[in-house]
Amino acid sequence: METVLFYLFGGIALLAAISVVAQKRVFYSAMSLVVCLCAISAEYLLLNAPFIAAVQVIVYAGAIMVLFLFVIMLLDPFSAAVIRDKKKYLSYLAILLGAFALILLYPVLNSFESAPTPRGMELAGSGSIGQIGQALFSEYLLPFEVTSVLILIAIIGVVVLASRRQS
Amino acid sequence: MDLTHYLILSMLLFLTGAAGFIIKKNVISMFLCLELMLNAVNLAFVAFSKHLNQVNGQIIVFLVMVVAAVEAAVGLAIMIVLYRNRGTLSVDDADTMKW
């Protein structure tokens, strides 16, 4: 069952990712990315990470993609000219190089299978939200607080950038 | 499912995003491909978190998501300024640092 779900959602994620790259219109690319993000969130559920799955749907597919769609609506309406991708050969080159990287990296990806899993904090089935909270507010308290400063800087920067009047 | 399957899926997603980042000429499309690459890395983090039986990977993913949101907000603001100044979103037309 798990295998079937993995391949189903992995296939959806991969097809949606290819669609993100292949679409000519930015709007269709963004909608494909929403599908891809939701499929990846299903993979998180398969990996026993319900909190990350929920955050993925709420923050990524909800907030960030809405931000993207707002900007697309503002800057790149359907009537605007499609920006043509020049240099078609680059895409074939990218596919070739990607396949080459896959062949090169396959032994590396396979080598983790034999590594023994260390006994650290045990991940309890679906109750890992409490563990995440505990680690976030004890071991990772400094990064968490720095994150809030980062968001504050971003808010100020965005307001300064976007509200500047043309001189 | 074992770790390798998730890592290969993650790498395929990352390569798709990287290829799109190279191919695309529209700034917004390049940003979407960037988000795709971040998500591929997040998937690898969560897969390792399951494999190593530790919660640390999921916390890193949480922080990566916050940074991605911040980066999207700032990047889109820069795009608005770029469009206001140049009237286009093509990266080929934005080839001078100062006009």
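General remarks:
- Candidate set: segment B:17-45, residues that are touching a residue at least 24 places away in the same chain (Cβ under 8 Å) and at the interface with chain A (Cβ under 7 Å from one of its Cβ atoms); chosen: the one surrounded by the fewest Cβ atoms within 10 Å (Cβ to Cβ): B:Lys25
- The set of residues in segment B:46-99 being aromatic (Phe, Trp, Tyr) and within 7 Å of chain A (Cβ to nearest Cβ) consists of B:Phe62, B:Tyr83.
- Complete set of residues in segment B:47-87 that are surrounded by 18 or more Cβ atoms within 10 Å (Cβ to Cβ) and not in a helix (DSSP H, G or I): B:Leu52, B:Gln54, B:Val55
- Looking across segment A:5-21, the residues that are surrounded by fewer than 22 Cβ atoms within 10 Å (Cβ to Cβ) and facing another protein chain (nearest Cβ under 7 Å) come down to A:Phe6, A:Leu14, A:Ile18.
- Note on segment B:31-52: residues that are aliphatic (A, V, I, L, M) and under 23 Å from A:Leu67 (Cβ atoms) amount to 8.
- Out of A:Val35, A:Val66, sole residue that is under 12 Å from the mean Cα position of the chain (by Cα), more than 10 Å from every other protein chain (Cβ to nearest Cβ) and over 26 Å from B:Asn56 (Cα atoms): A:Val35
- The residues in segment A:23-42 that are over 16 Å from B:Glu35 (Cβ atoms) and modelled with pLDDT of 90 or more can be counted, and the count is 1.
- Criterion: modelled with pLDDT of 75 or more, within 18 Å of B:Phe45 (Cβ to Cβ) and among the hydrophobic types (A, V, I, L, M, F, W, C) - qualifying residue of A:Leu93, A:Leu141, A:Leu105, A:Leu123: A:Leu105
The values are calculated or read from the model by the stated rules, or taken from the named source; none is laboratory data. This is a predicted model, so every value here is computed, not measured. Note: ideal-geometry Cβ built from the backbone for every residue, glycine included; neighbour counts use all protein chains shown.
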